[in-house]
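Colleague: Please see the structure below; I have some questions.
The values are calculated or read from the model by the stated rules, or taken from the named source; none is laboratory data. These numbers were taken from a predicted model, which means no experiment stands behind them. No Cβ is skipped: glycine too gets one built from the backbone with ideal geometry, and neighbour counts run over all protein chains shown. SASA here: full protein model, heavy atoms, side chains in, ligands and nucleic acids out. Shrake-Rupley method; radii C 1.70, N 1.55, O 1.52, S 1.80 Å.
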Amino acid sequence: MQYINEFFNTLHSYIGGNNWFVFLLLGTGFFFTIYLKFPQIRYFKHAIRIVKGKYDKKTDKGDTSHFQALATALSGTVGTGNIAGVALAVHLGGPAALFWMLMTAFLGMCTKFVEVTLSHKYRDFDEKGMVAGGPMYYMKKRLNIKLKSGKLIKTGYWIGGFFAAATILSSFGTGSLPQINSISNSMFVTFGIQHFITGAIMAVLLALIIIGGIKRIAKVTEKLVPFMAIIYFVGAMAVILFNYQNILPSFAAIFNDVFTGTAAVGGFLGAGFSFAFNNGVNRGLFSNEAGQGSAPIAHAAAKAHEPVSEGMVAILEPFIDTVIICMLTGLVLLSSGVWNEKLPNQFQKTDIEVLAATYSESEADDVLKLENHLSGKGKLGVFSGSLAVTDGKINDDVSIIHARSLAEDIIVLKDGQPFSGELFIANGKLQNSDNSLVITGNSLIHSAPLTTAAFTKSFFGDFGKYIVAIGLLLFAFSTAISWSYYGDRAVTYLFGANYVMIYRIVFVAAFFFASFTDTTIIWNLSLLTVAFMAIPNLFGILTLHREVKSTIKEYWQGFREEFPDEKTPKA
């Protein structure tokens, strides 16, 4: 199992984890932003009118309204990443990472517009009369090769099949298994509810929703998404307003260090420009999923007589997901001050590194050395050997890095009592495999625990942690609901509508078992399948860029004829 995980991680480092993939995503968004003359700005107000149903017709075909399609797509993108992922980005890249997250969302709004327009334009209806749409259908119809002899090579069918297979795997890897794992862990830590109980209850609820198909999913998400957004917004504003004196400094921190990186402050040891850029961009890309091709599956189901109108609705999605929700989380972290504050916590053994000398944060030279060590610019010597521990205290002169910070007040416990004995270290990493051995102390924290700590710095006090727990539950569960639909449309493409029920049963069963089992291998596989979805989709929309432009032009021509009194932007 370990070798499989290592294989997936290595493969991901060459595909999804490499800079070329990030620049492909960003470059596509930048190209269409310039090529289509900033549609995310020019069409924004028009998109809001469409969502409100101002231009709807009774003859429009589809399974959902514009708002239901938007809510379903948002429930797929607004997930644990909006809570935990933003905290990780700030932890790694500092406040400047939030700026690059916003820039990624701005470009992503245009990418979403294009991919949704094409997916809606070439959607089909399955044998049961339901919409079957998504990037695989425009690939099937428009990415074929016509030879000089007139013979048509159906390359589009196979490209679409590759995309659909990756979508099915991603529906488990990103949309289901890690989500219920996060939910069950959060419920256990916060409320003491056993993992399998949470899994059983949530699996039953999931089954009752997804067995009803897209129409029931849409009815749930159109109520669930606004509800969970309001809860999270109230909790976040309670933190920001409680720390009102930090609002302006928080904005200043985001924009002041955009091109220089963030200097060391508090327990934060600093991050250069590349760290802030990479973490902000990655969090933005994988939060709003622009270019991945998942959300177009939901938008394809919308009732609309013009595909461009649904493409415009999709412009709102990255704006809500990243510009509003992720930015709210970022401001909560910065205004509360916990992002650079060392807090008592139990150390994750994989996050510990033992250095072979002592360093002090009060010494500027030591701080610079530690920052360079963490960023890979200059490595410090790491410890190998055994550390003597007496009554929980480490006797040797070493420094311990945990969560990219210099750990303090370290206590080693065994079965809850101060430990005396030896810790075995190889190349700076702890080798003791005894699970009863626990290391605690003060250090930076990240991901969901960091957001949880920030939400307690508000008018609600410690009750704020329950808002995060409830937010995690709702965000993660809504993600699973939407991804079940993405998977069943991919199954329809590959095997037909008659096999969808089998997929739904497997999806719910896996959802339950993932609540109390290790899903690391599935998560590592999903990092690859995200890239396997995005690459053919980005290739497809770039190939069809001229068609996109002409389709937009035709939309505005028809719109002006039908609504001559409406003010419209130039196509």
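Colleague: So if we plug the beta-carbon distance of Asp434 and Ala200 into 1/(1 + (r/R0)^6) with R0 = 30 Å, what FRET efficiency do we get, rounded to 0.05?
Modeller: Plugging the Cβ-Cβ distance into 1/(1 + (r/R0)^6) gives 0.40.
Colleague: What is the list of residues in the stretch 365-393 whose amide nitrogen lies under 20 Å from a point 7 angstrom out from the Cα of Ser274, following Cα to Cβ?
Modeller: 368-381
Colleague: Per the 1.4 Å probe, what fraction of the accessible area of the stretch 414-516, in percent, lies on carbon and sulfur atoms?
Modeller: 62 percent
Colleague: If you don't mind, another one. Given labels modelled 7 Å from the Cα in the Cβ direction, how far is it in nm from Asp365 to Ser149?
Modeller: Calculated label separation equals 7.6 nm.
Colleague: If you don't mind, another one. If R₀ is 35 angstrom, what is the calculated FRET efficiency for the pair Thr390 and Ile193, using the beta carbon separation as r and rounding to 0.05?
Modeller: The calculated FRET efficiency here is 0.35.
Colleague: What's the ranking of 219-226, 423-430, 145-152, 329-336 by average number of surrounding C-beta atoms within 10 Å, highest first?
Modeller: On the way: 219-226: 19.1, 423-430: 16.4, 145-152: 7.9, 329-336: 26.8.
With the highest mean Cβ count within 10 Å placed first, the list reads 329-336, 219-226, 423-430, 145-152.
Colleague: List the residues, sorted by chain then number, that are 5 or more residues from Ala304 or on another chain and whose placed amide H is less than 5 Å from its amide H.
Modeller: HN-HN under 5 Å from Ala304: Lys61.
Colleague: Determine the relative contact order of the chain: mean sequence separation of Cα pairs under 8 Å and six or more apart, normalised by residue count, in whole percent. Walk me through the intermediate numbers first.
Modeller: Values: 1080 pairs, mean separation 164.0, N = 571.
Reported relative contact order: 29 percent.
Colleague: Now, a different point. Multiply the residue gap between Asn498 and Thr59 by 0.36 nm, knock off their C-alpha separation, and tell me the result in nm, one decimal place.
Modeller: Length gained, Asn498 through Thr59: 155.3 nm.
Colleague: How far, in degrees from 0 to 90, does helix 307-318 lean away from the longest principal axis of the Cα atoms of the chain, to the nearest 10?
Modeller: Between helix and principal axis, roughly 10 degrees.
Colleague: Same structure again: Consider all pairwise Cα distances in the chain and report the whole-number % of them above 33 Å.
Modeller: 45 percent
Colleague: Determine the calculated [θ] at 222 nm for the chain from helices alone, applying -39500 (n - 2.57) to every DSSP H run no shorter than 4 residues and normalising by the residue count; nearest 500 deg cm²/dmol.
Modeller: Estimated from H runs of four or more residues: -19500 deg cm²/dmol.
Colleague: Okay, moving on. Suppose a student asked you for the relative contact order of the stretch 309-457, using Cα pairs under 8 Å spaced at least 6 residues apart; what percent would you report?
Modeller: Relative contact order of the stretch 309-457: 31 percent.
Colleague: Mind pulling the angle between the C-alpha long axis of helix 155-173 and the longest principal axis of the chain? Nearest 10 degrees, somewhere in 0 to 90.
Modeller: Helix 155-173 sits at roughly 40 degrees to that axis.
Colleague: Another question, then. Quick check: from the Cα gyration tensor, does the stretch 301-418 come out rounded (a/c under 1.5), prolate or oblate?
Modeller: Because a/c hits 1.5 or more and a/b exceeds b/c, the stretch 301-418 counts as prolate.
Colleague: Compute the separation of the alpha-carbon centres of the stretch 109-170 and the stretch 544-564 and state it in Å as a whole number.
Modeller: The distance from the Cα centre of the stretch 109-170 to that of the stretch 544-564 comes to 21 Å.
Colleague: Same structure again: What is the percent carbon and sulfur in the accessible area of the stretch 76-183, measuring with a 1.4 Å probe over the protein chains and ignoring ligands?
Modeller: C and S atoms contribute 65 percent here.
Colleague: Then there is this: So what is the relative contact order of the stretch 450-571, in percent, for Cα pairs below 8 Å that sit 6 or more residues apart?
Modeller: 9 percent
Colleague: With the cut-off at 1.5 for a/c, could you classify the stretch 235-293 from its C-alpha gyration tensor as rounded, prolate or oblate?
Modeller: oblate
Colleague: Right, another one. Taking a ≥ b ≥ c as the square roots of the Cα gyration tensor eigenvalues, with a/c under 1.5 meaning rounded and otherwise prolate when a/b beats b/c, else oblate, which class fits the stretch 424-571?
Modeller: Numbers: a/c = 2.23, a/b = 1.69, b/c = 1.32.
It is prolate, given that a/c is not under 1.5 and a/b is the larger ratio.
Colleague: I'd like the FRET efficiency for Ala252 and Lys349, computed as 1/(1 + (r/R0)^6) with the beta carbon distance as r and R0 of 35 Å, rounded to 0.05.
Modeller: Working from the Cβ atoms, E equals 0.40.
Colleague: Let me ask another. Write down the accessible area per residue of the chain in Å², having rolled a 1.4 Å probe over the full set of protein chains.
Modeller: Solvent-accessible surface per residue comes out at 42 Å².
Colleague: In nm, to one decimal, how far is the modelled label at Ile211 from the one at Lys128, with both set 7 Å along Cα→Cβ?
Modeller: 1.3 nm
Colleague: While we're on this one: Could you give the nm distance between label points at Arg546 and Leu413, where each point is 7 Å from its Cα heading toward the beta carbon?
Modeller: With each label placed 7 Å out from Cα toward Cβ, I get 6.8 nm.
Colleague: Using only the alpha-carbon atoms, how far is helix 2-14 inclined from the longest principal axis of the chain? Give it as 0 to 90 degrees, nearest 10.
Modeller: That helix lies at roughly 60 degrees to the long axis.
Colleague: Bin width 5 Å, origin at 0, all Cα-Cα pairs of the stretch 129-257: what percent of pairs per bin?
Modeller: 2, 8, 8, 11, 14, 12, 11, 10, 10, 7, 4, 2, 1, 1, 0
Colleague: I'd like to compare 131-141, 359-369, 558-568, 62-72: which one has the highest average count of other Cβ atoms within 10 Å, and what's the full order after that?
Modeller: With the highest mean Cβ count within 10 Å placed first, the list reads 131-141, 62-72, 359-369, 558-568.
Colleague: Highest first, please rank the peptides 303-314, 196-207, 109-120, 441-452 by the mean number of other Cβ atoms sitting within 10 Å of their residues.
Modeller: Descending mean neighbour count gives 109-120, 303-314, 441-452, 196-207.
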